[in-house]
Amino acid sequence: MFDINDLTVKTSDKELLNNINLKINEGEIHVLMGPNGAGKSTLCKAILSHPSLKKTKGKIIFEKQDITNFSTDKIARLGIYYIAQSPVAIEGVKNAELIRTALQEVGHPLDIFSFNKESKKYSEELNVDKNFIHREVNVAMSGGEKKKNELLTMLFLKPKLIILDEIDSGLDVDAIKDVAKVLIEYQKNNSCAFLIVSHQEMLINLLKPTHIHLVMDKTIKRSGDISLMKEILEKGFTNF
Amino acid sequence: MSKEEKIIIKEKIQNINVKENLNIIEWQFPNDPFVCNIYLDDNVVFETNCLINLEKVNGQINIYSNNKSIVNISLGIVFNEENNLEIKNSLIGNEAYSKIMIKAIQKDDEKSILKTVGIINEKTKNNEFLEQIKVLNFKKQQIICLPELLVYSNEAVANHNATIKNIDVEELFYLNSKGLSNDLAKKIIKEGFLNFNK
């Protein structure tokens, strides 16, 4: 489904990632762990062709298409969804307006009745007020609300590969359970895969990832199953 | 309740006397240079909360506030091509209150000038003036914002601020990552910025 081969990423003057290889199949949950500044968020953004990053080597393949040099919007329309560590706020734009526009762009427009019906259903799943959809995009929202807001959009867009950069930051214990429940339910009902940046043991245990990757020194240094997370948490990053 | 009206400026110099509460729901400007003088009687409320589209406009709107009059302006301005607009509010009486809030964007790769002037006249008392200008610029689409506050009285409260914001890369990336093209993302950001009905 998704393949990264020998990817090297730079900004204008600095190499941030070197020789990244990662293969994700449908149904899998991959977790990226690593010290601060190791390149986890950079990798997420590079997949989405963030304008500040330059891919100087390697390829990214998604569903047999080479998306290495695709624009961000084109990548998103193919079904890759990204939730940033700190989602930006868009002043004056309502969630409903953005989601309906995005649905139109990805080719799945919804009539107003279906939209309202789905909105009610997803709001209940996420344990947020039904009027959440009528708030401005991430404006005056707490960290946890922003993450739930991004998940609300995800539920509408039904992406195939979901990239979550520290979805747990800003979430309290109950909210982590809500988020994990929504993600597990989503995976059950959709053909999809997850790439998650997290250090949150509780969330990782709830999601039961199939793969753990240790990102260090600009590359994926080690990959393994859930036992790698336990090893990392016991030893700390410096001992790898 | 205020009477709702349109202002259609046709003359080179147009004078409007406001004798009762008035809410302007639409403005129409000529392409030739103009000066529009609006004189408010005592105790009158003058308000306008709307979106205006300007194209090659070159003019001046002067509002003269008398005793206990209230000015409440919330304008979203879309500049198309080159424009030069000045909005001047002179508080010539006492105990008048003025609030001017303007949000402006330039639609195409041109430059427009938006000048706002607040004047509190000498020997007036207990006037209050608040002005807030927000401008959203993007690359070659620019608005030159010239806010000015002239306070000649010692017994007044006056406050003004101007913010110039650029559409930033992270906002565009965010909307792109939802599947929106660059053009659509910019349109949404601009429309959101101009939205007063929050």
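The values are calculated or read from the model by the stated rules, or taken from the named source; none is laboratory data. Keep in mind it's a predicted model, so treat the numbers as computed, not measured. All Cβ positions, even for glycine, are placed from backbone atoms using ideal geometry, and neighbour counts span all protein chains on display.
Taking helices (runs of 4 or more DSSP H) that do not extend beyond segment A:39-115, which have at least 2 residues that are surrounded by 18 or more Cβ atoms within 10 Å (Cβ to Cβ) and away from every other protein chain (no Cβ under 14 Å)?
It comes to A:40-47.
Residues of segment B:114-132 being crowded, with 22+ Cβ neighbours inside 10 Å and either charged (D, E, K, R) or in contact with a Gly (Cβ under 6 Å, 6 or more places away or on another chain) (or both), which ones?
Within segment B:114-132, B:Phe129, B:Glu131 qualify.
Output the number of residues of segment B:58-91 satisfying the condition of being touching a Pro at 6+ places or on another chain (Cβ under 8 Å) and without any contact (Cβ under 8 Å) to a residue 40 or more places away in the chain.
Here the count works out to 1.
Confirm whether B:Asn195 is facing chain A (nearest Cβ under 9 Å), under 15 Å from B:Ile102 (Cβ atoms) and either touching a helix residue (DSSP H, G or I) at 6+ places or on another chain (Cβ under 6 Å) or not hydrophobic (A, V, I, L, M, F, W, C) (or both). Quick ask: steps written out before the conclusion?
On the way: facing chain A (nearest Cβ under 9 Å): yes; under 15 Å from B:Ile102 (Cβ atoms): yes; either touching a helix residue (DSSP H, G or I) at 6+ places or on another chain (Cβ under 6 Å) or not hydrophobic (A, V, I, L, M, F, W, C) (or both): yes.
So B:Asn195 fits the description; yes.
Just one of A:Ile162, A:Ile133 is of a type in the set (Val, Ile, Thr), in contact with a helix residue (DSSP H, G or I) (Cβ under 9 Å, 6 or more places away or on another chain) and assigned to a helix (DSSP H, G or I); which is it?
From the options A:Ile162, A:Ile133, the qualifying one is A:Ile133.
When only residues in segment B:169-192 that are of a type in the set (D, E, K, R) and under 27 Å from the mean Cα position of the chain (by Cα) count, which is nearest to the other protein chains (Cβ to nearest Cβ)?
B:Glu171
Based on what the data block shows, is A:Val137 away from every other protein chain (no Cβ under 14 Å), touching a residue at least 24 places away in the same chain (Cβ under 8 Å) and closer than 22 Å to A:Ala76 by Cα? Steps first, please.
Details: away from every other protein chain (no Cβ under 14 Å): no; touching a residue at least 24 places away in the same chain (Cβ under 8 Å): yes; closer than 22 Å to A:Ala76 by Cα: yes.
Answer is no for this residue.
Is it the case that some residue within segment B:133-140 is modelled with pLDDT under 90, within 14 Å of chain A (Cβ to nearest Cβ), surrounded by fewer than 21 Cβ atoms within 10 Å (Cβ to Cβ) and touching a strand residue (DSSP E or B) at 6+ places or on another chain (Cβ under 7 Å)?
no
Hey, any hits in segment A:16-26 for a residue that's of a type outside the set (A, V, I, L, M, F, W, C), over 30 Å from A:Glu234 (Cβ atoms), over 19 Å from the mean Cα position of the chain (by Cα) and assigned to a strand (DSSP E or B)?
Taking every residue of segment A:16-26 in turn, none turns out to be of a type outside the set (A, V, I, L, M, F, W, C), over 30 Å from A:Glu234 (Cβ atoms), over 19 Å from the mean Cα position of the chain (by Cα) and assigned to a strand (DSSP E or B).
Being among the small types (Gly, Ala, Ser), outside any helix (DSSP H, G or I) and surrounded by fewer than 16 Cβ atoms within 10 Å (Cβ to Cβ) is the requirement here; does A:Ser169 meet it?
Considered against the rule, which asks whether it is among the small types (Gly, Ala, Ser), outside any helix (DSSP H, G or I) and surrounded by fewer than 16 Cβ atoms within 10 Å (Cβ to Cβ), A:Ser169 comes out as no.
Based on what the data block shows, is B:Asn62 in contact with a Lys or Arg (Cβ under 7 Å, 6 or more places away or on another chain) and either buried (at least 18 other Cβ atoms within 10 Å of the Cβ) or part of a strand (DSSP E or B) (or both)?
yes
For segment B:20-44, which positions are assigned to a loop (DSSP other than H, G, I, E, B) and out of contact with any Phe, Trp or Tyr (no Cβ under 9 Å at 6 or more places or on another chain)?
Those that are assigned to a loop (DSSP other than H, G, I, E, B) and out of contact with any Phe, Trp or Tyr (no Cβ under 9 Å at 6 or more places or on another chain): B:Glu20, B:Phe29, B:Pro30, B:Asn31, B:Asp32, B:Pro33, B:Asp41, B:Asp42, B:Asn43, B:Val44.
Return a yes/no flag: does segment B:153-167 have any residue that is within 14 Å of chain A (Cβ to nearest Cβ), within 23 Å of A:His108 (Cβ to Cβ) and of a type in the set (Ser, Thr, Tyr).
Checked segment B:153-167: no residue is within 14 Å of chain A (Cβ to nearest Cβ), within 23 Å of A:His108 (Cβ to Cβ) and of a type in the set (Ser, Thr, Tyr).
Here are A:Leu183, A:Leu203: which of them is without any contact (Cβ under 8 Å) to a residue 40 or more places away in the chain, closer than 25 Å to B:Leu175 by Cα and among the hydrophobic types (A, V, I, L, M, F, W, C)?
A:Leu183
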